[in-house]
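The values are calculated or read from the model by the stated rules, or taken from the named source; none is laboratory data. Quantities reported herein were computed from a predicted structural model and do not represent experimental measurements. Every residue, glycine among them, receives a Cβ derived from its backbone with ideal geometry; neighbour counts consider all protein chains shown. All accessible areas refer to the heavy atoms of the entire protein, side chains included, with ligands and DNA or RNA removed. Shrake-Rupley method; radii C 1.70, N 1.55, O 1.52, S 1.80 Å.
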Amino acid sequence: MFFNPLMMQMPGEFSPTTEHAMQEAILTPRFYTTDYKAVDKLHVDHMRDEFEWIRGEFERDYNKGHFLRNEEFLAGFDDMPVRAQFVEFLERSCTAEFSGCILYAEMVKHLKDPTMRRIFQCMSRDEGRHAGFLNKTMADLNVEMNLNILHTRKKYTYFKPKFIFYSVYLSEKVGYARYIEIYRHLQKNPQGL
């Protein structure tokens with residue numbers, strides 16, 4: 001066992017946003033673990049063509065250029081009427097994205113099927129990219145959230161292997177719908193939320 005000075009810190013020594021993100025409630029984002037050996041035993045040969053297509057789509061990385069910090073984006077949020085709610089939205093979104101990044105990276109370490117390994121590697125890349133963008137946005141707002149503390153201190157929840165596949169699909173669908181709805185709202189209300 002190694003010495004980790006982060007483990008020695010007492011409650012109240014982290015930023016308020018990190019403290020808030022560490023709280024557990026029914027709807028707070030979680031970090032997950034699973035039975036990686038059981039996931040590795042899932043057979044996808046009967047769907048090999050579909051999984052190869054998915055792998056190819058991930059490798060094309062269509063979203064690589066989507067996270068640009070342009071002049072409009074950097075205009076500032078200091079006068080936003082619902083700044084506290086926006087920060088909480090960013091905190092939850094960042095925690096969820098980073099949680100996915102960590103889970104998928106663990107999947108890569110344990111999976112033997114090269115197609116599945118590559119799919120989860122790309123998914124970890126994408127979730128890490130999303131978490132990084134959101135975390136940088138919080139830093140722009142002078143809000144600090146330490147993802148390493150969350151990763152090492154937040155309780156992990158066990159997830160059955162089959163639910164990883166269901167949750168990935170559902171979380172992406174719900175996430176896209178949520179972001180599209182926010183985008184549409186801001187188009188109609190350019191002065192803010």
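Quick notes on this structure:
- In order along segment 129-143, phi translates into HN-Hα couplings of 5, 5, 4, x, 5, 5, 5, 5, 4, 4, 4, 4, 8, 6, 10 Hz, rounded to whole numbers, per the Karplus curve 6.51 cos²θ - 1.76 cosθ + 1.60 with θ = phi - 60° and x for Gly and Pro.
- Using Cβ point charges alone (K and R +1, D and E -1), the dipole size of segment 130-172 about the Cα centre works out to roughly 340 debye.
- Residue-wise HN-Hα coupling along segment 35-51, computed from phi with Karplus coefficients 6.51, -1.76, 1.60 (Hz; x: Gly, Pro): 8, 5, 5, 5, 4, 5, 7, 5, 9, 10, 4, 5, 10, 3, 4, 5, 5
- Solvent-accessible surface of segment 73-133, taken per residue with a 1.4 Å probe and all protein chains present: 46 Å².
- Couplings 3J(HN,Hα) for segment 19-32, derived from phi with the Karplus relation 6.51 cos²θ - 1.76 cosθ + 1.60 (θ = phi - 60°), are 4, 5, 5, 7, 5, 9, 8, 4, 9, 6, x, 10, 9, 10 Hz, where x marks Gly and Pro.
- Globularity ratio of segment 12-121, using Cα Rg and 2.2 N^0.38 Å: 1.42
- 32 Å Cα-Cα threshold exceeded, pairs from 64/188; 154/188; 162/188; 37/136; 109/154: 154/188; 162/188; 37/136
- Set of aspartates and glutamates with alpha-carbon distance to residue 160 below 18 Å, sequence-local pairs under 8 removed: 35, 40, 106
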